[in-house]
Amino acid sequence: MTESFSVRVDRGDAVTTVTLTGEIDLTTRAAIDEAVAEALAEPRAPRLVVDLRAVTFIDSSGLSAAIVVPARAAEDAGLDFKVMSGPGATRALEVSGLDRFVQHDEID
């Protein structure tokens with residue numbers, strides 16, 4: 001796992017947030033998958049948010065783990081899905097074209 005990486009799941013009645021920090025790449029995928037599974041476990045909130053504001057780097061495998069997989073899982077479960085991004089993730093969202101398919105807000 002990347003040294004500067006961390007993941008946290010905060011479950012609430014209205015929203016569950018998966019917060020990722022640091023560098024997101026292939027080596028962090030298993031931890032992200034675990035966090036998403038925890039976030040989607042019953043009982044679950046009607047909204048799933050992935051918070052990427054503290055991400056400093058994200059590659060294509062990280063985009064898949066942090067955005068594509070949770071977005072599909074949320075859709076399958078009938079949940080609202082949103083991404084909060086910062087400068088470290090917004091560019092990757094734009095370059096990959098994912099910014100056109102997921103609801104996201106850039107927050108400095």
Do you know which residues across the range 46-64 are over 25 Å from G12 (Cα atoms) and open to solvent by 40 Å² or more (accessible area, probe 1.4 Å)? T56, F57, D59, S60
Cβ-Cβ under 9 Å pairs, at least 6 apart or on other chains, the range 32-55 side farther than 18 Å from A89 by Cα and among the acidic types (D, E), far side open to solvent by less than 10 Å² (accessible area, probe 1.4 Å) and in a strand (DSSP E or B): E38/T16; E38/V18
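Listed residues T90, T28; which is more than 19 Å from R8 (Cβ to Cβ), crowded, with 18+ Cβ neighbours inside 10 Å and either without any contact (Cβ under 8 Å) to a residue 40 or more places away in the chain or over 10 Å from the mean Cα position of the chain (by Cα) (or both)?
T90
Is it the case, given these coordinates, that E42 is surrounded by fewer than 16 Cβ atoms within 10 Å (Cβ to Cβ), among the charged types (D, E, K, R) and modelled with pLDDT of 95 or more?
Values: surrounded by fewer than 16 Cβ atoms within 10 Å (Cβ to Cβ): yes; among the charged types (D, E, K, R): yes; modelled with pLDDT of 95 or more: no.
No, not satisfied.
When you look at A65, is it touching an Asp or Glu at 6+ places or on another chain (Cβ under 8 Å) and not β-branched (V, I, T), yes or no? Please lay out each step first, then the result.
Numbers: touching an Asp or Glu at 6+ places or on another chain (Cβ under 8 Å): yes; not β-branched (V, I, T): yes.
Judged against the criteria, A65 is a match.
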Please work out which one of (1) open to solvent by less than 70 Å² (accessible area, probe 1.4 Å); (2) free of Cβ contacts under 8 Å to residues at least 24 places away in the same chain; (3) among the β-branched types (V, I, T) is the condition V95 fails and give its number. (1)
Out of all the residues in the range 65-87, which are touching a Phe, Trp or Tyr at 6+ places or on another chain (Cβ under 6 Å) and open to solvent by 10 Å² or more (accessible area, probe 1.4 Å)? A71
Mind checking which residues of the range 10-24 are farther than 15 Å from F81 by Cβ and open to solvent by 30 Å² or more (accessible area, probe 1.4 Å)? D10, R11, G12, D13, T21, E23
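The values are calculated or read from the model by the stated rules, or taken from the named source; none is laboratory data. Predicted model only: the values in this text are computed from it and were never measured. Quick reminder, even Gly has a Cβ in these numbers, built from the backbone with ideal geometry, and neighbours come from all protein chains shown. Ligands, DNA and RNA are excluded from the accessible area calculation, which covers all protein heavy atoms including side chains. Shrake-Rupley method; radii C 1.70, N 1.55, O 1.52, S 1.80 Å.
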